[in-house]
Amino acid sequence: MGKFHRSVATSEPAMEYNDCIARMREEQYPMLAGTTYLDHAGTTPYSKKLMDRFSADMMGSLFGNPHSASHSSQHSTQMIDDTRLQLLRLFQADPEEFDVVFTANATAAIKLVIDAFRDQDGGFWYGYHVDSHTSLVGVREVANGHKCFESDQDVERWIEDGCEGAVKKAALFAYPAQSNMNGRRLPLRWSSQIRDTAGPPVYILLDAAALTSTSPLDLRNSDAAPDFTALSLYKIFGFPDLGALIVRKEAAHVFAKRAYFGGGTVEMVVCLKETWHAKKTASLHEQLEDGTLPVHSILALRVAMETHAELYGTLERVSRHTAILAERLYEGLRKLKHANRSAVAQIYKDETSNYSNSFTQGPIVAFNLRDSHGKWVSNTEVEKLASIKEIQLRVGGLCNPGGIATALHLEPWEMRDNFSAGQKCGGEHDILNGKPTGMIRASLGAMSTLGDVEKLLSFVDEFFVERMSIKPPVQVNGTRNAVQQLGWHVEALTVYPLKSCGGWQIPSDTAWDIRPEGLAWDREWCIVHQGTGVALSQKRYPRMALIRPHLDFKTGKLRITQADNATEVSVSLSLDPSYFDLTDLKSHTTQVCGDTIKTRIYTSPAITDFFTDALGVPCTLARFPTPTSTDPSTRHSKPQLSKPASTFGPSPLLLPNESPILAITRPSLNALNTYLKLHFLPAAPAAQFRANIILAQSSPAGSEVPWDEDTWRSFTIASDKGVEGASMDVLGGCRRCGMVCVDQTTGIRAEAGEPFVSLAKMRRVGGRVLFGVHCALRGTAGSVRVGQVVETTEGREEG
Ligand SMILES: *Cc1c(COP(=O)(O)O)cnc(C)c1O
């Protein structure tokens, strides 16, 4: 392996190099087996060689805390000095001209610079490029004046005008060497241009965190180099989690004003009677590295640089390989067309950059997808499908607010609107007012291969290219015949007393209360993580399906069992303090689907142990707030334990992100299962869709109409003896995710991503994978029983 890079001459065809990487990767990156990892701009994986050697070095030597005279301490000091030099050499930086300061990450390196500028007399002025990472944008909050440069021309004009506005006091101009959003590489000549124009009061901070992961950076000419260069070392090597700041010594005096000192950066401190201290002066890094250095991480860095060189040769070579892959990806996406010749991908490449020129473009492709009518495909949907297909992408705002706003033409008011509409980092509402609010980013790294690129291209081709003009099979108003008109009835009713856990089938002879917040006893409890207070979901913990609640009205208990063992716990259905011991319940703040809700958590060891053992994560049961515990009119009334629909129970469930009731129809399920059967795939049982109400058609077999629910505006459940009936408003289609792949009897997620993958192919409505409808009670009360007739009203269009 050590000779690997020497055996591949630089002139050798790219394919051969790619094949070498593919073979090497199998051995060196076992964690990449079976997955398509395309988030190298987030972080890249570490090699086996690095970890093996690091482990051997750790076990073979004793590394003490530096700054003392013992052998182990000296050993550390020496290793650190060597590593510092080696890191400078990686960027051809002369140690006479540059110093390197170790930091936690690139953001910490940036903050170190900013702290120094903040301590300048009169503060500082700050200019930054619109393509900056959030970590650079945030600096403006501590500057005395700031300007965002909206384009390269904007920067160049400013330089031509003598860096106007910046020269009176200390000033800092910051920009990324490569955009972490779309990989565009920005000109490196600005450092020397600004220095020539404005001189010392204006300093340059280069954020090289994204660039250096797949590109060399040449600091040979210190006159043309940035004053401060911030690095994320884990983005180059995968490990250690370390950053660095390379400082041009000519600019080091900026740090002289830094007020803070800590252990490690000071020679002597007097605390009693006087406050006097002598800061370290020998070298810049000694002045800036507060506290004990991350000795073992620095050791790992040394090993990382060695092993990276053995595996890849130079960063120059990494750059060439990744550029070839990125160009393939870009061209491949660009060429994807729908049947009507419209483009599938909108790619956010700058006009000035070019995938065949690595001075202008790094190996990142940022894009969005459109359907054949030009409508945007939801990124969340792409991400869900990608993750089922084991393709790992980055989706959303990408920590690059300026770049995103420019590329997506989002005005500040639109970004604020989007925010108030619930589009926060990682949110579901990724298309608002017909515009995407984020992007999909595929980024390549040193060990990426053509295979990865092909995987992504065929994924987009498989799921998002419309080969024929398909319309969702929606019934048009008024075309149905009379037989189909009167066909519906309630086939089954299920509640999920523990949110995201197993369902409890409502007995078919029992009339059940419907309330504005949903079916009685539905999502009355949830399971919360004991550390974070977040309500757990089957999406993350498929074993939750095995937790089975039983509503036992005879004893007034909710019994909870596990499908695969005999343990059981129970809690009182009632919250009435005069009947039940409440010492066990504690008030608690819980996060449910992004909303903060006051719950009460159960703290008894029997209960916490039961759930913690069942799911293998520290968690316990929590109960949502109920009116019974606060409303004096009901507090003292005795619970009527024989009545199912809770005189003593259910809450106006306060889950703004959840719909009250989910209904699915048997004909649609049959249609899905017919499709699955045609493709030799296992059938999907109704339970997998976790509906509250299953509606079936009473019409004879063969004449049933699938997807009829797409058109419903409302439906009415008929009244009958002992059943009040109910009018339900249909709120919209239920957007599905990989959770439908969890087998509700085994708690195991289907490896092939079925039936979600099939559903995505046969049932994408307006870019979303829909199955079933959300609905809510019209009015304040109603009830339902299995077998009741249902009449539907049309007039809704999904989309
Ligand atoms: C990743 C990244 C950062 C942040 O780096 P950290 O090491 O996470 O602090 C800053 N800027 C750019 C361009 C990046 O890609």
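When Ala691 is tested against (1) of a type outside the set (Val, Ile, Thr); (2) over 26 Å from Arg796 (Cβ atoms); (3) part of a loop (DSSP other than H, G, I, E, B), only condition (2) is not met. State whether one or more residues within the range 500-520 are hydroxyl-bearing (Ser, Thr, Tyr) and under 22 Å from Ile601 (Cα atoms). Yes: one or more hits.
Across the range 125-149, which residue is most open to solvent (accessible area, probe 1.4 Å) among those that are in a helix (DSSP H, G or I) and more than 16 Å from the ligand (Cβ to nearest atom)? The selected residue is Glu141. Note on the range 396-419: residues that are within 14 Å of the ligand (Cβ to nearest atom), hydrophobic (A, V, I, L, M, F, W, C) and open to solvent by less than 50 Å² (accessible area, probe 1.4 Å) amount to 2. Output the residues belonging to the range 486-526 that are among the aromatic types (Phe, Trp, Tyr) and closer than 16 Å to Leu573 by Cβ. Within the range 486-526, Tyr496, Trp504, Trp512, Trp521, Trp525 meet the criteria. Taken over the range 315-353, the criterion of being open to solvent by 20 Å² or more (accessible area, probe 1.4 Å), closer than 19 Å to Pro216 by Cα and touching a helix residue (DSSP H, G or I) at 6+ places or on another chain (Cβ under 9 Å) is satisfied by Arg317, Arg320, Ile324. I'm trying to understand the selection: among the residues of the range 25-39, which are open to solvent by less than 10 Å² (accessible area, probe 1.4 Å) and within 16 Å of the ligand (Cβ to nearest atom)? Answer for the range 25-39, where residues must be open to solvent by less than 10 Å² (accessible area, probe 1.4 Å) and within 16 Å of the ligand (Cβ to nearest atom): just Leu38. Quick check on my filter: what residues within the range 160-187 are within 16 Å of the ligand (Cβ to nearest atom) and either of a type in the set (A, V, I, L, M) or free of Cβ contacts under 8 Å to residues at least 60 places away in the same chain (or both)? If the condition is that a residue be within 16 Å of the ligand (Cβ to nearest atom) and either of a type in the set (A, V, I, L, M) or free of Cβ contacts under 8 Å to residues at least 60 places away in the same chain (or both), then Leu172, Phe173, Ala174, Tyr175, Pro176, Ala177, Met181, Leu186, Pro187 are the ones that fit.
Please indicate, with yes or no, whether at least one residue in the range 755-766 is in contact with a Ser or Thr (Cβ under 8 Å, 6 or more places away or on another chain) and modelled with pLDDT under 95. The answer is no, given that none of the residues of the range 755-766 is in contact with a Ser or Thr (Cβ under 8 Å, 6 or more places away or on another chain) and modelled with pLDDT under 95.
Select, from Phe228, Phe255, Phe237, the only residue that is touching a helix residue (DSSP H, G or I) at 6+ places or on another chain (Cβ under 6 Å), within 16 Å of the ligand (Cβ to nearest atom) and over 20 Å from Ala304 (Cα atoms). Step by step, each of Phe228, Phe255, Phe237 is checked, and only Phe228 is touching a helix residue (DSSP H, G or I) at 6+ places or on another chain (Cβ under 6 Å), within 16 Å of the ligand (Cβ to nearest atom) and over 20 Å from Ala304 (Cα atoms).
Scanning the range 188-210 for residues that are within 15 Å of the ligand (Cβ to nearest atom) and small (Gly, Ala, Ser) gives Ala208, Ala209, Ala210.
Taking the range 194-206 as the range and being closer than 30 Å to Gly42 by Cα and open to solvent by less than 10 Å² (accessible area, probe 1.4 Å) as the test, the residues that pass are Ile204, Leu205, Leu206. Here Glu310 fits the description: part of a helix (DSSP H, G or I), touching a Gly at 6+ places or on another chain (Cβ under 9 Å) and open to solvent by 10 Å² or more (accessible area, probe 1.4 Å).
The values are calculated or read from the model by the stated rules, or taken from the named source; none is laboratory data. Keep in mind the model is a prediction, meaning the values are calculated, not measured. Every residue, glycine as well, gets a Cβ built from its backbone with ideal geometry; the counts of neighbours run over all protein chains shown. Heavy atoms of the whole protein, side chains included, go into the accessibility calculation; ligands, DNA and RNA do not. Shrake-Rupley method; radii C 1.70, N 1.55, O 1.52, S 1.80 Å.
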